[in-house]
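The values are calculated or read from the model by the stated rules, or taken from the named source; none is laboratory data. The model shown is predicted, which means the values in this text are computed figures rather than measured ones. Cβ sites come from the backbone with ideal geometry, for glycine too, and all protein chains shown count toward neighbours. Protein only, heavy atoms only, side chains kept; ligands, DNA and RNA dropped before computing areas. Shrake-Rupley method; radii C 1.70, N 1.55, O 1.52, S 1.80 Å.
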Amino acid sequence: MTFRQNYSLKDLNTFGLDVTAKQYASFSSVQELQVLLQLPELDKSNILILGGGSNVLFTQNFDGTVLQNKIEGITITEETGDFTLIEAGGGVLWHDLVLFSIENNLGGIENLSLIPGTVGAAPLQNIGAYGVELKDTFYSLEAVNIASGTVKRFKAEDCGFGYRESIFKKELKGQYIVTHVTLKLSKNPVFNTSYGAIKDTLISMNVQDLSLKAISEAVCSIRKSKLPDPKQIGNAGSFFKNPEISQEDFVQLKAQNPDIPSYPAPGNKVKVPAGWLIERCGWKGKKLENYGVHKDQALVLVNYGGAHGHQIKALAHDIIASVKERFGITLTPEVNIL
Ligand code: EPU
């Protein structure tokens, strides 16, 4: 196995940014990864693991080694009374795993339909949508330690999951490569339609009998109506996290903005939609040269083709500044800016 030099990442990031990596290699098994990690030419101080590249903004060429996880395979590993454990390789496309679960009538991730990216990247930011997060069905993962090459299994309680957070973005950042993820899915699905838009979409789709497939189709339809398809318009989904503020700050905010949507958050906090704040600052649909803010979802920054990452980063800074000035809230990027 060898490294490629000055490797184009244009097709490996959903923003479609035209950047290169100093070194690049892919791996299709744990063993291949372990071999790569022992090659003397590998600079272990600057490694980036790419799955689908759907949560990264490159502002310059990457001056290190990109390792792409191409471990495939979905296996049912255990059946208990009401649950089935399924293990998937880190390189499996997340939506393919969702489709597998629906075909096998296993419930729990149907609300996470059509999230771009790979299974291996999903635990890093505890992906979530429409009232469900990965952590709700997560059972365990296997990861390779970059320094030692050894394999370690992490159970849910080891992963420090939070809102778009995990231990792999914090204390263990840059130390492990997730190779396999195991989920615990239900043979007797409980449908989660609490997210308003799902109910409305199911009604407009004229669904009589709820099923995993119907919910998945409703979620796909909502996502397609709001979120740009990265194959057509470069983007990385939500660029910012939804901020969580104190009850006191929320009362003040609500007094000045009676129509602001809100959701309860852990720790007696209140989550407010960043998309709403950004729209109120006048950014929704704003186009600057060949990049801008998506017209249907202000939380999504887009590259219409040929933009530079540093331009999108500057736009993000301007958005943060104007939301801060108008609402006193500091937005945090969800996307990994490199
Ligand atoms: N809103 C606006 N203007 C906008 C966008 C949103 O006023 O331009 C308002 C909506 O009207 C709604 C509220 O904000 O009242 C929430 O909007 P939406 O349901 O579209 O969800 P979101 O909070 O903007 C989050 C996730 C998405 C996920 C959706 C659905 C984050 C950072 N984003 O977005 O995740 O798909 O909920 O559950 O939590 C992603 O992480 O990449 C992502 C797309």
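Could you sort out which of LYS287/LYS324; LYS70/LYS269; LYS10/LYS169; LYS44/LYS226 sit more than 30 Å apart by Cα distance in this structure?
LYS70/LYS269; LYS44/LYS226
Would you mind calculating the relative contact order of the chain from Cα pairs under 8 angstrom and at least 6 residues apart, reporting the percent as a whole number?
17
Provide, in order from the shortest bin, the percent of all Cα-Cα pairs of the chain in each 10 Å bin, continuing until the bin that contains the maximum pair distance.
5, 24, 32, 27, 11, 1, 0
On a straight-distance basis, which lysines could pair with LYS187 in a cross-link, Cα separation under 25 angstrom, same-chain partners fewer than 8 positions away excluded?
Cα-Cα hits under 25 Å: LYS135, LYS155, LYS199, LYS213.
What does the charge count near LEU114 come to, summing +1 for each Lys or Arg and -1 for each Asp or Glu among other residues with Cβ under 14 Å from its Cβ?
Net of charged neighbours comes to +1.
Defining a contact as two alpha carbons under 8 Å apart and six or more residues distant in sequence, what relative contact order in percent does segment 4-69 show?
Value for segment 4-69: 42 percent.
Using modelled backbone amide H atoms (1.01 Å from N, in-plane), which distant-in-sequence or interchain residues come within less than 5 Å of THR179's amide H?
GLU142, ALA143, VAL144
Of the beta bridges DSSP finds with both residues in segment 4-69, what % are antiparallel, to the nearest 5?
Expressed as a percentage, antiparallel bridges in segment 4-69 total about 30.
Using 10 Å bins from zero, what percent of all Cα-Cα pairs in segment 74-186 falls into each bin?
15, 51, 29, 5
Provide the per residue accessible area, probe 1.4 Å, for segment 239-338, rounded to a whole number of square angstrom.
Accessible surface, normalised per residue, equals 51 Å².
So how much slack lies between ILE76 and ILE203, counting 0.36 nm per residue of separation and subtracting their Cα-Cα distance, in nm?
Residue separation times 0.36 nm, minus the Cα-Cα distance, leaves 42.4 nm.
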